[in-house]
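The values are calculated or read from the model by the stated rules, or taken from the named source; none is laboratory data. The model shown is predicted, which means the values in this text are computed figures rather than measured ones. Reconstructed Cβ throughout: ideal geometry from the backbone, glycine too, with neighbour counts over all protein chains shown.
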Amino acid sequence: MTKLNAPIVSPIQFEHLSEALGVGAARPRLSWKVRAERQWRQTSYEIEIKRNSDAPVSYHVESSEQVLVPWPGEPLASRDVAEVRVRVFGSHGARSGWSDPATVEAGLLSPDDWSARPVGPGWAETPGTDRRPGLVRRDFRVGDQILRARLYATAHGVFEAEVNGRRIGDEILAPGWTTYSHRLRYRTYDVTSALREGENTIGAWLGDGWYRGRLGFNGGHHDIYGHDLSFLAQLEIVYADGTRDTIATDETWRASFGPIQLSGLYDGERYDTRDEIPGWSSPGFDDTTWAPVSVAHRAPETLVAPELPPVRCTGELTPTGTTVLPDGTIRLDFGQNIVGRLRLRVDGPAGHVVTVRHAEVLQDGELHTRTLRLAPSVDTLVLDGAGPRVWEPRFTLHGFRYAEIEGWPGGVGEDDVVARVYHTDMERTGWLETSNPLLNRLHNNVLWSMRGNFVDIPTDCPQRDERLGWTGDIQVFAPTASFLYHCAGFLTSWLVDLDNEQLDDGTVPWFVPTIPGGPMWTPPRPAAVWGDAAVLTPWVLYQRFGDRDILARQYRSAKAWVDLVVRLAGPDRLWDSGLQLGDWLDPAAPPDDPAAAQTDKYLVATAYFAWSARHLAATARVLGRSDDERYYADIADQAKEAFVGEYITDDGLMRSDAQTAYALAIVFDLLDDEQRTCAGTRLAELVRKAGNRIATGFAGTPLITDALSSTGHVDVAYDLLLEEECPSWLYMVRQGATTIWERWDSMLPDGSVNPGDMTSFNHYALGAVADWMHRDIGGIAPMAPGYRRVRFAPKPGGGLTYAKASYESPYGPIHSHWRIESGMFHLTVELPTGTTGLVEILGRPAVEIGPGTHTFRSSAPGDGDT
Ligand code: BGC
């Protein structure tokens with residue numbers, strides 16, 4: 001028997017978490033990656049759990065599974081620490097050694113674990129206004145021989161904790177935005193090294209955040225979740241002798257104003273250095289002049305551990321261009337439209353004011369701020385004359401490429417001004433590079449729009465007085481997002497809030513979390529594309545991350561949505577009444593009426609009805625709900641039939657003879673083969689007729705290249721993708737875009753900004769084409785949940801001479817690299833252990849492959865070989 005080298009197994013990952021301190025799952029699911037010889041297959045695994053100081057226990061399981069496998073042991077109890085390792089057994093008797101141990105620590109899993117109460121400024125405030133945030137603090141004594149200390153903290157608002165003068169953690173805007181009435185995340189910090197025997201102090205900076213800060217358009221609303229600004233924290237110290245101390249927020253804490261005068265997500269932050277309070281969060285500080293706190297209420301059962309990474313600084317940019325304006329104002333170009341804020345190092349006399357304004361674009365040589373609407377995004381620093389200061393706002397974020405600094409004393413030195421990039425700190429997993437620099441820029445723009453809008457929740461845009469979790473946008477972008485970053489935890493968390501906000505009749509809100517949005521958006525009304533996030537986004541997470549539990553968790557919500565549409569559509573299965581946004585931002589729609597698309601909005605609605613019913617049936621199949629599977633499959637068939645009956649004319653053309661109509665019908669599998677061929681041909685004709693320019697909005701854009709390439713029109717798909725005239729993806733790039741725009745013409749060909757009131761330069765929705773680029777240009781597509789089976793079917797074209805795609809899947813790295821050289825097409829693909837694949841090269845029979853690297857050669861596709 002062939003002797004194989006021992007496989008190597010990675011440390012265990014818990015759930016979708018990169019950090020497993022303070023997990024909320026008592027039975028965290030386990031995943032690992034294996035590197036082994038290509039013919040090795042896992043047949044069983046052994047998990048060893050060493051909990052607290054107990055003896056290790058191991059569990060042997062006959063299974064080839066390695067992604068999100070069930071926790072084998074007794075559930076974790078609150079605060080439990082477990083070291084977990086795995087070893088795998090497989091073919092040819094080859095087995096791995098033990099993985100390096102991975103530690104998981106449970107958070108506070110039961111409401112009874114909490115004694116802390118929300119405490120905050122008790123002074124008089126005028127509700128519904130911008131109020132000056134405060135600080136809270138408390139001194140406490142610590143004994144000797146500390147074994148471990150944990151701080152469990154959250155806030156009504158946003159917070160930054162300090163212990164003995166030291167900032168705790170490196171995240172910002174904690175605890176993030178959830179449906180606070182249902183659930184409020186807390187963070188767990190290891191503060192063991194921050195404590196010392198004797199006198200200690202804990203304190204927190206507080207900001208209004210989403211809880212009571214101004215949110216929403218048309219002036220928005222304050223106090224959406226409450227009037228109080230409160231810190232809720234529990235510091236638990238375990239001593240070597242097993243005794244414990246708990247310091248929890250209560251009426252003994254004290255509060256004071258600090259140097260922050262004003263701070264809002266939209267407004268920016270004003271900080272007066274002269275109001276700093278040296279030593280306030282350290283022992284020995286006299287806080288007798290501070291005010292007693294007021295104690296608010298928080299039901300402990302609503303306190304939940306996070307399922308996603310925190311929002312952190314993930315990069316810094318220095319100016320690529322500096323201009324000193326006639327009035328001395330300094331304009332900085334950071335060369336990239338980001339989400340973040342500036343860190344300044346500046347020195348000046350007491351009372352000297354430095355003001356920073358932000359904008360995504362310039363117009364007529366000026367910072368263009370009209371499109372920020374009622375989000376001024378201005379940071380102000382007042383100096384104290386006590387020497388150079390390093391300052392960065394705490395509780396705000398801006399969407400910008402340009403910044404203007406007024407009142408900067410003297411010149412800006414090296415690193416005096418740095419733009420710090422912030423977003424949810426997910427693991428990057430997907431890359432694509434091609435021989436076409438414009439396409440690479442486009443892909444980079446998609447990446448930056450994802451970064452800019454994945455800030456604790458998936459927002460539509462990061463700069464104006466919106467920044468809301470619009471359901472339709474993430475519904476169309478989720479497949480792209482799932483390739484670029486490990487966003488399973490991020491979207492899983494958001495989907496819980498979607499379920500929480502879903503109305504009893506099944507209506508899915510326009511944006512999650514939901515806030516008052518004026519008569520147009522409040523109360524939410526059911527609409528296709530946006531509502532379908534309830535069914536389609538969980539399915540994407542299942543498909544892309546192999547997470548079956550997300551389907552079970554969201555099943556009630558998904559079913560409620562489809563059942564509502566069944567009622568709204570009525571027995572003829574045509575959803576042809578009520579408000580619909582349809583193919584939002586079709587380029588033909590006038591700036592002031594983005595819903596006025598060429599494709600009939602009810603065609604869009606019925607197509608999505610059939611597609612969601614189809615996916616709900618598939619979801620029911622995965623969950624073993626055979627009755628539901630049959631019922632929703634029938635609904636899908638009936639809606640499909642109704643769609644064809646209503647929208648396909650006898651000559652095979654569509655009533656809406658428009659790009660989006662054909663794209664929907666083709667990709668949503670609503671046509672028979674003959675109709676499909678006809679639709680593909682007509683779609684290609686329409687694209688050619690439009691001069692290869694795009695004519696789709698939010699509904700058609702994610703689908704049009706797939707519709708073309710899957711009906712034999714790869715060349716037209718490439719011509720559409722590579723078109724540079726407006727509207728097109730590369731038109732944005734040619735206009736200097738560094739992110740994806742909300743509108744195809746957010747900037748008009750003459751360089752002026754689109755007059756539409758709703759004009760952002762950082763919306764990811766139109767970037768949803770990247771999913772096609774990953775699959776059809778890069779050549780990597782999932783064939784089974786979690787990429788356990790992969791289709792390598794790159795479709796070269798568009799004059800590209802090579803493309804490289806890489807994806808760090810739950811099983812390990814997947815690579816696809818093709819190049820065309822002297823008329824030959826060369827393809828190299830790589831699969832990780834535990835997976836299989838199918839290689840489909842144009843005009844050649846598909847080839848089945850297993851783990852390892854595989855190379856293929858064939859004659860390069862000639863023009864017209866599509
Ligand atoms: C948002 C979009 C959203 C749309 C729906 C806009 O204001 O920015 O992202 O999808 O409204 O109406």
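Here is the figure for segment 71-112: residues that are under 26 Å from TYR542 (Cβ atoms) and surrounded by fewer than 15 Cβ atoms within 10 Å (Cβ to Cβ) total 1. Every test in (1) basic (Lys, Arg); (2) within 15 Å of the ligand (Cβ to nearest atom); (3) touching a helix residue (DSSP H, G or I) at 6+ places or on another chain (Cβ under 6 Å) is passed by LYS601 save one, and that test is (3). Where strands (runs of 3 or more DSSP E) fall wholly inside segment 807-866, the ranges with 2 or more residues that are under 17 Å from MET773 (Cα atoms) are 812-821, 824-831. I want to confirm something. Restricting to segment 544-594 and keeping residues that are of a type in the set (Asp, Glu) and part of a helix (DSSP H, G or I), which single residue is farthest from the ligand (Cβ to nearest atom)? The qualifying residue farthest from the ligand (Cβ to nearest atom) is ASP549. For segment 645-657, the set of residues classified as part of a loop (DSSP other than H, G, I, E, B) and either surrounded by 23 or more Cβ atoms within 10 Å (Cβ to Cβ) or β-branched (Val, Ile, Thr) (or both) consists of THR649 only.
Yes or no, residue by residue, for (1) within 22 Å of ASP586 (Cα to Cα); (2) among the hydroxyl-bearing types (Ser, Thr, Tyr):
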| site | (1), (2) |
| --- | --- |
| GLY736 | yes, no |
| GLU742 | yes, no |
| VAL753 | yes, no |
| HIS774 | no, no |
| ILE777 | no, no |
| PRO794 | no, no |
| ALA803 | no, no |
| SER809 | no, yes |
| ARG819 | no, no |
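Whether a residue is under 30 Å from ALA618 (Cα atoms), away from the ligand (no atom under 16 Å from the Cβ) and not assigned by TED's automatic domain parsing to the domain that holds TRP584 was assessed, and ALA784 passes this test. Whether any residue in segment 526-537 is closer than 23 Å to SER493 by Cβ, away from the ligand (no atom under 16 Å from the Cβ) and buried (at least 23 other Cβ atoms within 10 Å of the Cβ) is what I want to check. Taking every residue of segment 526-537 in turn, at least one turns out to be closer than 23 Å to SER493 by Cβ, away from the ligand (no atom under 16 Å from the Cβ) and buried (at least 23 other Cβ atoms within 10 Å of the Cβ).
Quick check on HIS227: is it more than 16 Å from the ligand (Cβ to nearest atom), within 25 Å of ASP425 (Cβ to Cβ) and either touching a helix residue (DSSP H, G or I) at 6+ places or on another chain (Cβ under 8 Å) or modelled with pLDDT under 95 (or both)? Here the answer is no, as HIS227 does not meet what is asked.
Within segment 748-757, not a single residue is out of contact with any strand residue (DSSP E or B) (no Cβ under 6 Å at 6 or more places or on another chain), closer than 20 Å to SER656 by Cα and away from the ligand (no atom under 16 Å from the Cβ). The residue pairs whose first member lies in segment 805-833 and is at positive phi, whose second member is assigned to a strand (DSSP E or B) and modelled with pLDDT under 95, and whose beta carbons are closer than 7 Å, counting only pairs six or more residues apart or on different chains, are GLY823/SER859. Note on segment 285-310: residues that are touching a residue at least 60 places away in the same chain (Cβ under 8 Å) and closer than 24 Å to TRP123 by Cα total 12. Report whether or not ASP592 is at pLDDT below 95 and surrounded by fewer than 19 Cβ atoms within 10 Å (Cβ to Cβ). Considered against the rule, which asks whether it is at pLDDT below 95 and surrounded by fewer than 19 Cβ atoms within 10 Å (Cβ to Cβ), ASP592 comes out as yes.
Scanning segment 148-192 for residues that are among the charged types (D, E, K, R) and touching a residue at least 12 places away in the same chain (Cβ under 8 Å) gives ARG148, ARG150, GLU160, GLU162, ARG166, ASP170, GLU171, ARG183, ARG185, ARG187, ASP190. What residue, among those in segment 701-732 that are outside any helix (DSSP H, G or I) and β-branched (Val, Ile, Thr), is farthest from LEU442 (Cα to Cα)? Among those that are outside any helix (DSSP H, G or I) and β-branched (Val, Ile, Thr), it is THR711. Among the residues making up segment 762-781, those that are assigned to a loop (DSSP other than H, G, I, E, B) and either more than 12 Å from the ligand (Cβ to nearest atom) or free of Cβ contacts under 8 Å to residues at least 12 places away in the same chain (or both) are GLY778, GLY779.
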